[in-house]
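Some notes on the structure that comes next.
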Amino acid sequence: MHKPLAKLSATPPNRIMAKDPSLDAAYALETPEDSKQLYAAWADSYDSDFARNSDYILHEAVARHFVNIGGFGPVLDVGAGTGLCGAALRARGIEDIDGTDISADMLEVAKAKGIYRTIRVENLFDGLATPHGLYQGAVSSGTFTNGHVGPEGLHPLIAAVRLGGRVVISVNTKHYAAAGFEHQLAELETDIEDLTTTEVAIYGPSATGDHAKDTALLVAFRRA
Ligand SMILES: C[S@@+](CC[C@H](N)C(=O)[O-])C[C@H]1O[C@@H](n2cnc3c(N)ncnc32)[C@H](O)[C@@H]1O
C-alpha cells in the first residue's frame, strides 16, 4: 500500500570540493559525481582503512535500533556502500535486504559478500526505481551526512516503504541541524508517525582524531 507523499522544499547544501578517500574528503564532497569518484577510489579499502581503523560502529547502531523497534524484512538499505549495515541486519536475523547506492564500486564490494538479494546503482537525488511501498522497512547508515545526502533524500526513501513500515536512518548530528532535517521532517508529519531521534556515537572507544567523538542521530519513524 502507498499514498502520495507531501512535497518537500529543497534545502541547498553548503559544500566544498575534495576528492581524496578520507573522512575529511567525504565530508567535503560537493556533487553526486564527486561521491562516485571518491567512493570508486575508496571502495576496496573502505572496510579496512576506514571502518576498521576508525572503529566505525554506526551501521551496528542503525541495525540494532531497527530490530529493537520491531523492524523486519524485506528492507531497503539506502546508501548501502560495501554492505556493513546489511551485514549487521543479517546478523540480527533479517534476510531479505536490497541495497541501493550511487557508487557501483562500493556495491561491487557488497555484492561479493552475498548480503543483499539485489543491488541497484541509483542516485537518491533522482528518486528510486523501486515500486512505491515495496518494503516493510528501510535503513540508512552514514549516507545522510556532510557532503552526501540532505533531507531531500527522505522523500524517495519513505516512498519505498509500505504503510506502517519502519524506517531508521542515521543523520550526522551537525548535518541534521545545518541541513534543516527538523523542518523537513515536520513537513512530512502526515506521512510519518512515531518519530524519535536518538543520539549515538559514530565511532567506538578506540577511535582517535578530530572526528572520534562525532555523533549521529538515529531518526526512526513509521510510514503513515
Ligand atoms: C559513508 S558511506 C556509508 C556506507 C554504508 N552505509 C556504511 O555505513 O558503511 C556513504 C555512502 O553513501 C553513498 N552515497 C553518497 N551520495 C549518494 C546519493 N546521492 N545517492 C545514493 N548513495 C549515495 C556513497 O556512495 C557511500 O556508499
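The values are calculated or read from the model by the stated rules, or taken from the named source; none is laboratory data. Since this is a predicted model, take the numbers as computed values, not measurements. Neighbour counts are summed over all protein chains in view; Cβ atoms, including those assigned to glycine, are modelled from backbone coordinates with ideal geometry. The accessibility values were calculated without ligands, DNA or RNA, using every heavy atom of the protein model including side chains. Shrake-Rupley method; radii C 1.70, N 1.55, O 1.52, S 1.80 Å.
Counting only residues that are open to solvent by less than 20 Å² (accessible area, probe 1.4 Å), more than 8 Å from the ligand (Cβ to nearest atom) and not in a helix (DSSP H, G or I), the range 23-54 holds 1 of them.
Quick one: count up the residues across the range 55-77 that are free of Cβ contacts under 8 Å to residues at least 12 places away in the same chain and either open to solvent by less than 50 Å² (accessible area, probe 1.4 Å) or closer than 18 Å to V149 by Cα (or both).
Of the residues in the range 55-77, the ones free of Cβ contacts under 8 Å to residues at least 12 places away in the same chain are 68.
Restricting the remaining residues to those that are either open to solvent by less than 50 Å² (accessible area, probe 1.4 Å) or closer than 18 Å to V149 by Cα (or both) gives none.
So the answer is 0.
Criterion first (crowded, with 22+ Cβ neighbours inside 10 Å and at pLDDT below 95) does G147 satisfy it? When the stated conditions are applied, G147 passes them.
Pairs are defined by a Cβ separation below 9 Å, a sequence spacing of at least 6 or placement on different chains, a first member in the range 40-53 that is over 10 Å from M106 (Cβ atoms) and of a type in the set (A, V, I, L, M), and a second member that is in a helix (DSSP H, G or I) and within 11 Å of the ligand (Cβ to nearest atom); the pairs so defined are A41/D105; A51/H59; A51/L84. Checking each residue in the range 74-114 for being within 16 Å of A63 (Cα to Cα), in a helix (DSSP H, G or I) and near the ligand (Cβ under 7 Å from one of its atoms) picks out L84, C85.
Yes or no, residue by residue, for (1) open to solvent by 50 Å² or more (accessible area, probe 1.4 Å); (2) among the basic types (K, R); (3) at pLDDT 95 or above; (4) closer than 26 Å to Q37 by Cα:
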{"position": "T82", "(1), (2), (3), (4)": "no, no, yes, yes"}
{"position": "G99", "(1), (2), (3), (4)": "no, no, yes, yes"}
{"position": "K111", "(1), (2), (3), (4)": "yes, yes, yes, yes"}
{"position": "I158", "(1), (2), (3), (4)": "no, no, yes, no"}
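Does G153 qualify as being near the ligand (Cβ under 10 Å from one of its atoms), open to solvent by less than 10 Å² (accessible area, probe 1.4 Å) and at pLDDT below 95? Quick ask: steps written out before the conclusion?
Working: near the ligand (Cβ under 10 Å from one of its atoms): yes; open to solvent by less than 10 Å² (accessible area, probe 1.4 Å): yes; at pLDDT below 95: no.
It is false that G153 is near the ligand (Cβ under 10 Å from one of its atoms), open to solvent by less than 10 Å² (accessible area, probe 1.4 Å) and at pLDDT below 95.
Does V149 count as touching a residue at least 40 places away in the same chain (Cβ under 8 Å), hydrophobic (A, V, I, L, M, F, W, C) and not in a loop (DSSP other than H, G, I, E, B)? Explain how you work it out, then say what you get.
On the way: touching a residue at least 40 places away in the same chain (Cβ under 8 Å): yes; hydrophobic (A, V, I, L, M, F, W, C): yes; not in a loop (DSSP other than H, G, I, E, B): no.
So V149 fails the test.
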